[in-house]
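Report on the structure given below.
The values are calculated or read from the model by the stated rules, or taken from the named source; none is laboratory data. All of these numbers come straight from a predicted model, not from anything done at the bench. A quick note on method: Cβ atoms are made from the backbone with ideal geometry, for glycine too, and the neighbour counts reach across all protein chains shown. To get the accessible areas, we keep the full protein, side chains included, count just its heavy atoms, and leave off ligands, DNA and RNA. Shrake-Rupley method; radii C 1.70, N 1.55, O 1.52, S 1.80 Å.
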Amino acid sequence: MEKSGTIDIAVLGAVPQEVEPLYPWLTEAEEIEFLGERVLQGNCAGRRMLIAATGIGKVNAAVTAAVLLDRYRIAQVWNIGCSGAYSEGPLQVGDVLMTLDSVIADEGVLTRNGPLSSEAIGIPILTDREGNIFDRIPLDRNALYGRIMHAAPAGIYRIAGACATAPGSGPHSPEGSSRAGGVFEPCRVPGVALRAEEAFYDTGAGDFSLVYGPSLTVSMASGDAGTAAGRYSQFNAYAENMEGSAVAQTCFRFGVSMLECRGISNAAGDRGKERWEFRTSMAHCHGIVLRLIERLRPD
């Protein structure tokens, strides 16, 4: 199939609320009806960018990603959204998780003693020249992650305008960092107009941590604290989502680099949405994304 065009970065979120605040970043934007979802193409900081909602869950995410990758020459896929963090891990509400290992929760065999992973039953999910991949897809295997870690090292950030700024003193580990303010460097993106959506980023939430680590993809979100604790114990991931590994598998099959960046909106297992901090979590996630757009030079 002949490709319809070249896209430098495809930004995919599950629901429109996760990607709509990014639309004003695009200049010369064009809207496309695509599989029942809204897709925007445009230019951002010298790149051709596509922004789309995939629909919730692994099937919707994989189908949308696969059709886009088949239709366009896409250099990178950035999967973004909100996530529920496991209370036993290092993340708090408002923090941002950059996925290193995309962990697959639901592929394998279910027994009375719990699930057996694909590795336990000897059937890989993916295979490449480096060997078999079972229930953990190493996103940091591609060269993109080295550039990401340099542009946005783990540490304490805050939102300035709509971009995440970091302490001028350099990288910080989440374990050794405090949430006290420090010296922050300015962050500006040439050619990006943050028009009507500026208010989305004015959360007043203060500092937050950017953490690199494993993220678990599930078909059903944890419905209570006990279920969440059991998943943390079994998979040793920091947070859970419903699309990440499906997008990762799709990108792997197409040979396209991918990153996954998620803001923490709630504790996993807490279904009281009145306590969720969706806007703050997505503002922080978008701030990291905008920082990467500014600091990663176009390929």
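Can you give the Kirkwood hydrodynamic radius for the stretch 204-296, in Å, rounded to one decimal and based on Cα pairs?
This gives a value of 14.8 Å.
If you wrap a convex hull around the C-alpha atoms of the stretch 119-158 and split its volume per residue, what is the figure in Å³?
Dividing the Cα hull volume of the stretch 119-158 by its residues yields 99 Å³.
Counting only other residues whose beta carbon sits under 12 Å from that of Ile148, what net charge do I get with K and R as +1, D and E as -1?
Value of the local net charge: +1.
For the chain, what is the percent of antiparallel DSSP beta bridges, rounded to the nearest 5?
The antiparallel proportion sits near 50 percent.
Show the residues, 5+ positions off or on another chain, whose built amide H is closer than 5 Å to the amide H of Arg136.
Ile104
Can you give me the % of accessible surface on the stretch 8-139 that is carbon or sulfur? Probe 1.4 Å, all protein chains present, nothing else counted.
Taking all protein chains in place, the stretch 8-139 shows 48 percent carbon and sulfur surface.
When the helices in the chain are scored as -39500 (n - 2.57) per DSSP H run of 4 or longer and the sum is shared across all residues, what 222 nm value do you end up with, to the nearest 500 deg cm²/dmol?
Mean residue ellipticity, 222 nm, calculated: -6500 deg cm²/dmol.
At 10 °C and a viscosity of 1.306 mPa s, what translational diffusion coefficient does Stokes-Einstein give for the chain, taking Rh as the Kirkwood radius over Cα pairs? Give it in µm²/s as a whole number.
D, rounded to a whole number, is 82 µm²/s.
Please work out the C-alpha center-to-center distance from the stretch 52-117 to the stretch 242-299 and express it in whole Å.
Each part reduced to its Cα centre gives a spacing of 9 Å.
Kirkwood Rh over alpha-carbon pairs of the stretch 8-153, then Stokes-Einstein at 10 °C and 1.306 mPa s: what D in µm² s⁻¹, rounded to an integer?
91 µm²/s
Where Rh is the Kirkwood radius over the Cα pairs of the stretch 11-69, the temperature 25 °C and the viscosity 0.890 mPa s, what D in µm²/s does Stokes-Einstein return?
Diffusion coefficient, whole number: 213 µm²/s.
Given the protein chains as shown and a 1.4 Å probe, how many square angstrom of Leu97 are accessible, to the nearest 10?
0 Å²
Work out the FRET efficiency for Ala221 and Arg297 from their Cβ-Cβ distance, taking R0 = 30 Å, and round it to the nearest 0.05.
After rounding to 0.05, the efficiency reads 0.20.
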